[in-house]
Amino acid sequence: MSPTRAQELLQAPGLAVLGVGSVLVQVRVGALTAARLEEIAAIIRKVVQTTPGPWGYLSVLAEGSPLPDASLRRAQRNLIRTELEGRDARVAVLIEGSGVVATLARAAARLIVPGHGAIRIAQDVQEAVEWIGGLLRDVRADDVRQAVERGRQLASQQHPPA
């Protein structure tokens, strides 16, 4: 299988979304707003509508990124339920960091869609890529890893460290 170049789909302060074949990669280093969530939702809907086979979504939340407020978490939960229902898809969420805040963020992520078999809270990029790649045969793991790194660069360029 030949390499697939990541397509940059959304660039905003503290956020980048890239597409690699049938996988979307989101990297967030800043706050999530309702407007940004709607932009992400539109990208997901387009992928779902235009991808005939299985698809994947990898969301990376950089260490220190704030958790969304309750209304945004509710909107995320509704989006995930709607777009995963009856579809052949996998979602991996990677919340980076080892402190108390990161641990609490992982717990909150598990509550967004509790017990959904298509969603995994990953410990690292490798685990996330393996989870998604178990379903998607048309995407190389290295291409997804490279998209994560590119997403980190894009999100960080537009959101300098505090």
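By count of other Cβ within 10 Å, fewest leading, how are Thr33, Thr82, Thr50 ordered?
So the residues, fewest neighbours to most, are Thr50, Thr82, Thr33.
Over all Cα pairs of the chain, how is the pair count split among 5 Å bins, expressed in % and running from 0 up to the last occupied bin?
2, 9, 19, 24, 24, 15, 5, 1, 0
Report, by chain and number, residues whose modeled amide H sits under 5 Å from the one on Ile95, excluding near sequence neighbours (fewer than 5 apart, same chain).
When sequence neighbours closer than 5 places are left aside, the close amide H contacts are Leu61, Ala122.
Determine the shape class of the stretch 1-86: with a ≥ b ≥ c the square roots of the Cα gyration tensor eigenvalues, call it rounded for a/c under 1.5, and otherwise prolate if a/b is greater than b/c, oblate otherwise.
Because a/c hits 1.5 or more and a/b fails to exceed b/c, the stretch 1-86 counts as oblate.
Subtract the Cα-Cα distance of Gln7 and Asp138 from 0.36 nm times their separation in residues, and report this length gain in nm to one decimal.
45.6 nm
Report the gain in length on full extension from Arg152 to Gln49: 0.36 nm times residue separation, minus Cα-Cα distance, nm rounded to one decimal.
So the extension gain works out to 34.4 nm.
Would you pull out the residues with amide H under 5 Å of Ala12's amide H, same chain only if 5 or more places away, H placed 1.01 Å from N?
Counting only residues 5 or more places away or on other chains, the set is empty.
Treat the count of other C-beta atoms within 10 Å as a stand-in for reagent exposure and order Leu32, Leu37 from fewest to most.
So the residues, fewest neighbours to most, are Leu37, Leu32.
If I stretch the segment between Ala107 and Asn78 completely, what's the gain in nm (0.36 nm per residue apart, minus their alpha carbon distance), one decimal?
Numbers: separation 29, 0.36 × 29 = 10.44 nm, distance 1.79 nm.
In short, 8.7 nm is gained.
Using the Karplus curve 6.51 cos²θ - 1.76 cosθ + 1.60 with θ = phi - 60°, what ³J(HN,Hα) values do you get for each residue of the stretch 15-30, in whole Hz, with x for Gly and Pro?
8, 9, 10, 10, x, 10, x, 9, 10, 9, 10, 10, 10, 10, 10, x
Provide the FRET efficiency to the nearest 0.05 for the Asp69-Ala42 pair, computing r from the beta carbons and using R0 = 25 Å.
0.75
Values in this text are rule-based calculations from the coordinates and carry no lab data. Note that the structure is predicted; figures quoted are calculated from it, not measured. Quick reminder, even Gly has a Cβ in these numbers, built from the backbone with ideal geometry, and neighbours come from all protein chains shown.
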